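Remarks on the structure that follows.
The values are calculated or read from the model by the stated rules, or taken from the named source; none is laboratory data. What you see is a predicted model, and the numbers here were worked out from it, not measured in a lab. Neighbour counts run over all protein chains shown; Cβ positions are idealised from the backbone, glycine included. When the accessible area is computed, the model is the full protein with side chains, heavy atoms only, and any ligands, DNA or RNA have been set aside. Shrake-Rupley method; radii C 1.70, N 1.55, O 1.52, S 1.80 Å.
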Amino acid sequence: MSSPPPLHDRRDTVPDEQAGAAVSTGRLPSPEIVMAALERGFERYRTDDSGVIANYIPALAGVDPDLFGIAVVAAGGAVHTVGDAAALFSIQSISKAFVFALVDEALGHETVRQRVGVNNTGLPFNSMLAIELNAGSPSNPMVNAGALVATSLVPGQSVDARWQFIRDGLSRFAGRPLEIDDGVYSSESANNQRNQAMAWMLDSYGRLNGDPAETTDVYTRQCSLLVSATDLAVMGATLADGGVNPLTGEQVVSPRACRDTLAVLAASGLYERSGDWLYEIGMPGKSGVSGGIVTVSPGKGGLGTFSPRLDAAGNSVRGQRVAHYLSGALGLNLFGSAPTTDA
Ligand code: GLU
């Protein structure tokens with residue numbers, strides 16, 4: 001199999017002397033440095049029109065392809081935005097990260113590892129083959145199979161109670177009440193036969209904790225929640241801040257649920273390109289087919305981006321490029337260290 005093209009071009013490379021100190025501890029650079037880097041990243045990629053818009057959900061095909069928004073929210077609560085950071089889009093697969101965090105919080109580390117799994121499939125996000133190859137295991141909560149199982153495990157006696165739990169939980173991550181895009185919800189509901197089939201297949205393996213049709217419906221609703229790049233940055237900053245939303249001060253999930261979620265994102269957040277992403281950006285992230293990406297710098301903050309044109313794996317092209325640029329410019333790569341000065 002040939003390697004996919006690189007995530008970035010030569011212009012992305014930030015010389016070491018210009019880059020923030022890439023160490024996995026500490027805080028973000030000063031607000032002035034963060035804002036200047038956001039503006040530079042925006043200017044670098046605003047005219048990049050590579051990639052194509054997702055059209056397998058008809059309602060996504062009508063979006064303005066040139067929208068481009070970037071937001072950084074620091075763990076301390078400072079908000080920095082540039083471009084179309086307030087533009088709303090359906091959260092799609094990015095919901096998987098936050099539903100997993102809520103389910104991990106409710107059920108615990110070991111139960112979700114056993115029932116959902118935490119290993120990369122190496123196959124597309126909607127692969128049926130991955131379920132069959134793994135004897136019914138959904139593999140991880142970032143592919144549709146694992147996301148359907150996670151959604152089925154949400155606490156609640158009725159479908160409405162489970163849906164409320166998810167909507168309230170994601171709203172607490174965002175720090176504001178999130179609403180559904182009815183057009184996206186009905187469009188995806190009319191075209192989600194593959195997800196329905198997957199839910200029935202998982203049920204045949206005894207993996208689903210609920211009715212397959214109801215579970216697929218709740219999953220489709222969670223994917224249709226509207227967010228902005230700024231919302232994603234706040235949600236990411238909450239995962240970066242031990243589960244405390246830095247704007248509202250609310251403890252949304254525990255530090256342990258954040259750690260579990262970020263580990264899963266690092267392994268599987270960017271579809272089949274999760275390895276390339278971790279290699280180049282060095283942070284956990286999650287993308288969705290409507291063009292959003294949330295990136296988390298633990299202890300420092302969250303980055304939210306929105307740009308609808310996608311690469312072949314379904315990841316926003318500009319989003320990946322600007323995340324790569326900002327990872328270097330702000331010194332965010334988790335694997336960075338400075339040589340010790342101890343004797
Ligand atoms: N709702 C979409 C699906 O299940 C999400 C896809 C994505 O963002 O990866 O197909």
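Assuming R0 = 35 Å, what is the FRET efficiency of Asp182 and Asn119, from their Cβ-Cβ distance, to the nearest 0.05? FRET efficiency, Asp182 to Asn119: 0.45. Under a 5 Å amide H cut-off, with hydrogens placed 1.01 Å from N, Leu178 pairs with Ser171 among residues at least 5 apart or on other chains.
Here the simple spin-label model places points 7 Å from the Cα toward Cβ, and for Glu250 and Ser30 these points are separated by 3.5 nm. Put simply, the C-alpha atoms of the stretch 193-343 give a gyration tensor, and the ellipsoid matching it has half-axes of 30, 19, 16 Å, longest first. In sequence order, the stretch 265-276 has phi-based couplings of 5, 4, 7, 9, x, 10, 6, 6, 9, 4, x, 4 Hz under the Karplus curve 6.51 cos²θ - 1.76 cosθ + 1.60, θ = phi - 60°, and Gly or Pro positions carry x.
With charges set only on the Cβ (+1 for Lys and Arg, -1 for Asp and Glu), what does the dipole of the stretch 205-284 come to about its Cα centre, in debye to the nearest 20? Intermediate values should be presented prior to the final figure.
Values: 5 positive and 10 negative charges, 34 e Å.
The calculation lands at about 160 debye.
What 222 nm value per residue comes from the helices of the chain, counting each DSSP H run with n ≥ 4 as -39,500 (n - 2.57) and dividing by all residues, nearest 500 deg cm²/dmol? Each step should come with its number before you reach the end.
Details: 13 runs with 144 residues, N = 343.
My calculation for the chain gives -12500 deg cm²/dmol from helical runs alone.
As an equivalent ellipsoid, the chain spans semi-axes of 30, 21, 20 angstrom, where each value is the square root of five times an eigenvalue of the C-alpha gyration tensor, largest first. In 5 Å bins starting at 0, how do the alpha-carbon pair distances of the stretch 282-336 split up by percent? All Cα pairs, binned at 5 Å, distribute as 5, 22, 33, 21, 13, 6, 0 percent.
Quick one: pull the percent of accessible area on the chain belonging to carbon and sulfur, 1.4 Å probe, ligands and nucleic acids left out. Don't skip to the answer; put the middle values down first.
Working: 7200 of 13610 Å².
Answer for the chain is 53 percent, counting heavy atoms of protein chains only.
Placing +1 on the Cβ of every Lys and Arg and -1 on the Cβ of every Asp and Glu, with nothing else charged, gives the stretch 213-343 a dipole about its Cα centre of roughly 220 debye. The 1.4 Å probe gives accessible areas that order Met128, Met235, largest first, as Met128, Met235. Estimated at the nearest 10 Å², the accessible area of Thr238 is 0 Å² with a 1.4 Å probe. Name all residues of the stretch 189-211 having a backbone nitrogen under 14 Å from the label point set 7 Å from the Cα of Glu132 along its Cα→Cβ direction, giving them as ranges. Those under the cut-off are 198, 201-202.
Please list Tyr45, Tyr205 from largest to smallest accessible area, probe radius 1.4 Å, with all protein chains kept in place. Intermediate values should be presented prior to the final figure.
Values: Tyr45 0, Tyr205 90 Å².
Accessible-area ranking of Tyr45, Tyr205, largest first: Tyr205, Tyr45.
Farthest toward the positive end of the dipole of the stretch 106-243, out of Val218, Ser204, Tyr185, is the Cα of Ser204, where the dipole comes from beta carbon charges about the Cα centre. In this Cβ point-charge picture (+1 for Lys and Arg, -1 for Asp and Glu), the chain has a dipole of about 360 debye about its Cα centre. Positive contributions from Lys and Arg (+1) and negative ones from Asp and Glu (-1), summed over other residues with Cβ under 12 Å from the Cβ of Phe306, come out at -2. For the stretch 123-185, the square roots a ≥ b ≥ c of the C-alpha gyration tensor eigenvalues yield an a/c of 1.5 or more together with a/b exceeding b/c, which makes the shape prolate.
Among the protein heavy atoms, those of Asp49 account for about 100 Å² of accessible surface (1.4 Å probe, every chain in place).
For Ser50 and Ala78, what is the calculated FRET efficiency with R₀ set at 35 Å and r taken between the beta-carbons, to the nearest 0.05?
Working: r = 32 Å, r/R0 = 0.90.
Computed FRET efficiency for Ser50 and Ala78: 0.65.
Ordering of 285-292, 327-334, 29-36, 78-85 by packing is 285-292, 327-334, 78-85, 29-36, highest average first (other Cβ atoms within 10 Å, averaged per residue).
Per residue, how large is the accessible surface of the stretch 44-142? Use a 1.4 angstrom probe and give square angstrom.
On the way: 4020 Å² over 99 residues.
Value for the stretch 44-142: 41 Å² per residue.
Sequentially through the stretch 60-77, phi angles give Karplus couplings (6.51, -1.76, 1.60; θ = phi - 60°) of 7, 5, x, 6, 6, x, 8, 4, 8, x, 9, 9, 10, 10, 6, 4, x, x Hz, Gly and Pro residues having no value and appearing as x. For the stretch 209-250, the gyration tensor built on C-alpha atoms gives a prolate shape. Its axis ratio a/c (a ≥ b ≥ c) is at least 1.5, and a/b is the larger of a/b and b/c.
Given a Förster distance of 35 Å, report the FRET efficiency between Tyr279 and Ser158 from their Cβ-Cβ distance, rounded to the nearest 0.05. So the FRET efficiency works out to roughly 0.20.
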